[in-house]
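Working notes, beginning with the structure itself.
The values are calculated or read from the model by the stated rules, or taken from the named source; none is laboratory data. The model shown is predicted, which means the values in this text are computed figures rather than measured ones. Quick reminder, even Gly has a Cβ in these numbers, built from the backbone with ideal geometry, and neighbours come from all protein chains shown. SASA here: full protein model, heavy atoms, side chains in, ligands and nucleic acids out. Shrake-Rupley method; radii C 1.70, N 1.55, O 1.52, S 1.80 Å.
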Amino acid sequence: MKIYRVGGAVRDKLLGRAVKDIDYVVVGATVGEMLRLGYRAVGKDFPVFLHPKTNEEYALARTERKTAPGYHGFAFNTDPSVTLEDDLGRRDLTINAMAEDEDGKLIDPHHGAADVRDRVLRHVSPAFAEDPVRVLRVARFLARFAPLGFRVADETRELMRDMVAAGEVEHLVPERVWAELRKALGEPTPSAFLDCLRACGALRVVLPEIDALYGVPQRAEYHPEIDTGVHTQMVIDMAARLAPGDDLIGFCALTHDLGKALTPVEELPRHIMHEERGVAPLRAVAERLRVPNEHADLAILSCRLHLLAHRALELRPQTVLELFEKLDAFRKPQRLVQFLTVCEADKRGRLGCAESDYPQGEFLRAAFVATMDVKAAPFVEKGLQGPAIAEAQRKARVQAITDIMPPRGEADA
């Protein structure tokens, strides 16, 4: 029985990045031996164990054989005769197919260290094509490592195109698509995820609502980048900058303009009512991928209401209060913070606007604080009851917003 550190921990050490999660491969052991040593079995598809003291993951070395289309169509072999090289050979990318022994010696049969040095994402073997999730994983790793200069090897990109053409990507289960999308939206450059999937044709399969945005023009005075797909990429990258690692903000940023793909051609490059048109495709994405309710709810609100935020400086005080109420901000104040982060990402995710201020956000935050200071107690003390209290409180909140309204600004899109 021999134990090796594998995968991301080895890769990140070579990159000089902080090593967070450490995975181990165990060679020459059986399930029974692991259990007798106190390890706790947790794997469903193949034997994975938690260390009795550290809770780190230890997996038996394994090989796999394709038996059916899709992610679950595999048979696994974890016989003690499986070698470390056998196990590394089934992995996705060369940079993830390295190991270290207990003395820190690097085992690198697929030249992953060279690809780390050269900043290349390259598949280990033709077996890559057997697992459609790997298309998403490559895109997700590019979202993480693009700022370091990584690119996808030409032969790997071509193999990914072949997988899409063969229909493999169509067998992806919703949970896996969402899991990889969610991780990608938490990476530093989520636009690279979309770029990578679009380049191999997978985006139109897994996220057709996003793919439909590319080539849709917008008014240049508001969107110098013009292309709605390009704008969406800029917005999700800005969201990653404003809220690092926050996939909730990322998902809202990704889906806020879905309605622009549905604008009638004769209306282009204007997008009248795109905020309402976007709700149906957004619901379709959320339902198909089984997106958590928290993500779906805030995304729909961001889609419907982001133009109100952009026009906050010219709204009537009553409308500002209605915006807070639609967000349910008085019960969920964090939701306003999240919503305004999405709106700021939308405003700054445009060509030449990355360093722009967002005074609308500052005003709405101040207005919300002012309304929160209006309590019901004084109206109760005056003898008001029931609906009369709520009505008086609303009027006082409208006045509180009126008192801090800045000079009227110009409209934004």
**OP:** Between Lys44 and Asp86, take the C-beta separation as r, use R0 = 22 Å, and let me know the FRET efficiency to the nearest 0.05.
**Re:** 0.55
Original post:
How many Å³ per residue does the convex hull of the Cα positions in region 89-151 occupy?
Top reply: 90 Å³
Original post:
Distances over 24 Å make up what percent of all Cα-Cα pairs in region 165-324?
Top reply: 33 percent
Subject >> Where labels lie 7 Å past Cα in the beta-carbon direction, separation of Phe330 and Ile22 in nm >> reply: 5.3 nm
Subject >> the chain - percent relative contact order, Cα under 8 Å, separation 6 or more >> reply: 10 percent
Original post:
So, with +1 on the Cβ of K and R and -1 on the Cβ of D and E, and no other charges, what is the size of the charge dipole of the chain about its Cα centre, to the nearest 20 debye?
Top reply: 780 debye
Original post:
Of all DSSP beta bridges located in the chain, what percent are antiparallel, nearest 5?
Top reply: 75 percent
**OP:** Take the chain, connect every pair of alpha-carbon atoms lying under 10 Å apart with a spring to form a Gaussian network, then pick out the residue of Ile272, Ile249, Ile226 with the largest mean-square fluctuation.
**Re:** Ile272
Original post:
If one puts a single equal scatterer on every Cα of region 118-237 and applies the Debye formula without solvent, what log₁₀ I(q)/I(0) results at q = 0.10 Å⁻¹?
Top reply: -0.30
Subject >> Space enclosed by the convex hull of the alpha-carbon atoms of region 1-111, per residue, Å³ >> reply: 113 Å³
Original post:
Relative contact order, percent, of region 10-128 when contacts are C-alpha pairs under 8 Å separated by at least 6 residues?
Top reply: 22 percent
Subject >> Projected label distance in nm at Ala113 and Glu391, using a 7 Å step from Cα toward the beta-carbon >> reply: 7.9 nm
Original post:
Per the 1.4 Å probe, what fraction of the accessible area of the chain, in percent, lies on carbon and sulfur atoms?
Top reply: 51 percent
Original post:
Where is the GNM fluctuation largest for the chain (alpha-carbon springs, 10 angstrom cutoff): Glu100, Glu267, Glu287?
Top reply: Glu267
Subject >> Cα-based Rg of region 302-394 normalised by 2.2 N^0.38 Å, two decimals >> reply: 1.26
**OP:** Mind scanning Lys13/Lys105; Lys53/Lys183; Lys2/Lys44 and naming the pairs with a C-alpha gap bigger than 20 Å?
**Re:** Lys53/Lys183; Lys2/Lys44
**OP:** Calculate the spin-label point distance for Glu294 paired with Arg241, positioning each point 7 Å from the Cα along the beta-carbon direction, and give it in nanometres.
**Re:** 2.6 nm
**OP:** State the three equivalent ellipsoid semi-axes of region 264-334, derived from the C-alpha gyration tensor as the square roots of 5 times its eigenvalues, in descending order and whole Å.
**Re:** 23, 21, 7
Original post:
Which residue, Pro147, Pro281, Pro52, has the most motion in a Gaussian network model of the chain that connects Cα atoms within less than 10 Å?
Top reply: Pro52
Original post:
How much FRET efficiency would the formula 1/(1 + (r/R0)^6) give for Leu14 and Ala284, where r is the Cβ-Cβ distance and R0 is 45 Å, rounded to 0.05?
Top reply: 0.60
Subject >> Pairwise FRET efficiency - Ala220 versus Arg161, Cβ, R0 = 35 Å, nearest 0.05 >> reply: 0.60
Subject >> Accessible area (Å², per residue) of the chain, counting only protein heavy atoms and a probe of 1.4 Å >> reply: 46 Å²
Original post:
Once the Cα gyration tensor of region 222-300 is found, what semi-axes does its equivalent ellipsoid get, as square roots of 5 times the eigenvalues, in whole Å, sorted largest first?
Top reply: 22, 17, 8
Original post:
Just from its helices, what would the mean residue ellipticity at 222 nm be for the chain, if runs of 4 or more DSSP H residues each count -39500 (n - 2.57) and the sum is divided by every residue, rounded to the nearest 500 deg cm²/dmol?
Top reply: -14500 deg cm²/dmol
